[in-house]
Amino acid sequence: STESLSVDVAHPIISSPQPSLFDLPWPWTHPPSCTPPLPSIPTGLCVYVNGNFADGRGIAIVTTPGLGRHVASLPAFRSQEKMKEGKVNVHSGRWRTEEMEEKGIGSLASQDLEPDTQILTYTPAFVAYLEHSLPTLERETIWRTALLQLPQETRDSFLALSYVHQDERVRAQAIVQANTFQLNIDGVNHLAVFPETSRLNHDCAPNAQYVIDPEWLSHTVRTTRRVGEGEELGIAYTSPMEKAEVRQEKMREGFGFVCQCARCVDSSRSDLVLDTIHSLEAHLNDWTPSSLASPAMADQLIELYEQEGLQGFLDVPYG
């Protein structure tokens, strides 16, 4: 694993002097390393790693010094005992991974699951400021510097994830591209990789939904309908409320595969249902005296969402 992360660069990042652990800014367990100032980021970016985070799972963060200080103030670092009480990063026993035909590794229910069952809750292994200032190889260098400081087990779980581009020079970026979730830190977008959650494949009619808590740096997945033992668990990588052609294009560009879910295979029917959904929503959002909206329309709208397997998005029709 270490060899796979070695890389030659023209402009290495700046390494800080090697202080003792007691000299490091809390809560980091490694000396921060930083880039010079960047055109869009005057302070530059720094690597912040806590190898003891979440009972030894560790976390590597590439962000600005100011945001690094903000992260250190979050409950995730200040109240780690509460994370243990909430069984964060503890396998629930409700899911398992398995090699799946034409899908790589996926996640299956290891028992019958009722709606709104919590499947998993995990913290990220890697977090990176979303920027476009660094040249590709220099970004790879700073990301690999962060990854190499993670505990071996956590680093291995990151490196084992799938990726589209086969150029080993940018392997870390390829893994992030194929497995990232958006994490908002103090109003700034970051890319976050949660290795366990990344084993959930995409479905345009997902039977699970996730929520990310930026205070606790946690990614929680719950079922949205009944799931039978052995059934694949899936989440939506893009909005399932868009037409099939739009969803397919996003899957090809962002993740390098063509979705073969039931809604995409029967796209003509599914798109017609979406047209009806959008028409009903337009009527229900019309509050003028001439509005055609009715409770019956609201009932029909909810039925169509459920028919399309969109139980995780029922907040709109119920609203």
On each of the three principal axes the extent of the alpha-carbon atoms of segment 24-157, given in whole Å and largest first, is 53, 39, 27
For the chain, dividing by residue count, accessible area per residue (probe 1.4 Å) in Å² works out to 49
Log entry: pair-distance distribution for segment 119-165, C-alpha pairs binned every 10 Å from zero, whole % per bin is 20, 50, 27, 3
Any trypsin sites (Lys or Arg not before Pro) in segment 232-319 that lie in a DSSP loop and have at most 14 other Cβ atoms within 10 Å would be Lys243
The aspartates and glutamates whose Cα lies under 12 Å from the Cα of Lys82, excluding any fewer than 8 residues away in the same chain, are Asp55
Those GluC sites (Glu not before Pro) from segment 119-222 that are DSSP loop and have at most 11 other Cβ neighbours within 10 Å turn out to be Glu215
Carbon/sulfur accessible area of segment 243-319, % of total, 1.4 Å probe, equals 57
Taking 285-295, 308-318 and ranking on average Cβ neighbours within 10 Å, highest first, one gets 308-318, 285-295
Of the convex hull enclosing the alpha-carbon atoms of segment 69-133, the direction-averaged projected area in nm² is 7.8
As straight-line cross-link partners of Lys243, the qualifying lysines (C-alpha separation under 28 Å, not fewer than 8 residues apart within one chain) are Lys103
Long-range share for segment 46-89, i.e. C-alpha pairs more than 15 Å apart as a percent of all pairs, stands at 44
Burial-style ranking of 85-94, 57-66, average other-beta-carbon count within 10 Å with highest first, yields 57-66, 85-94
Computed over segment 263-319, the convex hull of the Cα set has an average projected area, in nm², of 3.9
Rg/Rh of segment 22-64 (Cα atoms, Kirkwood Rh), to two decimals, equals 1.06
Ranking Gly256, Leu314, Phe77 by how far each Cα lies towards the positive end of the charge dipole of the chain (+1 on Lys and Arg Cβ, -1 on Asp and Glu Cβ), the top one is Phe77
In nanometres, the difference between 0.36 nm per residue of separation and the alpha-carbon distance of Arg269 and Asp213 is 16.6 nm
Cα-based Rg/(2.2 N^0.38 Å) for the chain, rounded to two decimals, is 1.11
The equivalent-ellipsoid semi-axes of segment 137-292, taken as the square roots of five times the Cα gyration tensor eigenvalues and listed largest first in whole Å, are 35, 19, 17
Rounded to the nearest 0.05, FRET efficiency between Glu114 and Glu85 (Cβ-Cβ, R0 25 Å) equals 0.60
Dividing the mean separation of Cα pairs under 8 Å (6+ apart) by the residue count of segment 120-191 yields a relative contact order in percent of 35
The FRET efficiency for Thr29 and Arg96, from their Cβ-Cβ distance with R0 = 41 Å and rounded to 0.05, is 0.80
Residue span Glu231 to Met297: 0.36 nm per residue of separation minus Cα-Cα distance leaves a gain in nm of 20.5 nm
Plugging the Cβ-Cβ distance of Asn184 and Asn52 into 1/(1 + (r/R0)^6) at R0 = 25 Å yields, to the nearest 0.05, a FRET efficiency of 0.50
For segment 175-242, inverting the pair-averaged 1/r of distinct alpha-carbon atoms gives a Kirkwood value in Å of 13.0
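The values are calculated or read from the model by the stated rules, or taken from the named source; none is laboratory data. Computed from a predicted structure; not experimentally measured. Cβ: placed from backbone, ideal geometry, glycine included. Neighbour counts: every protein chain shown. To get the accessible areas, we keep the full protein, side chains included, count just its heavy atoms, and leave off ligands, DNA and RNA. Shrake-Rupley method; radii C 1.70, N 1.55, O 1.52, S 1.80 Å.
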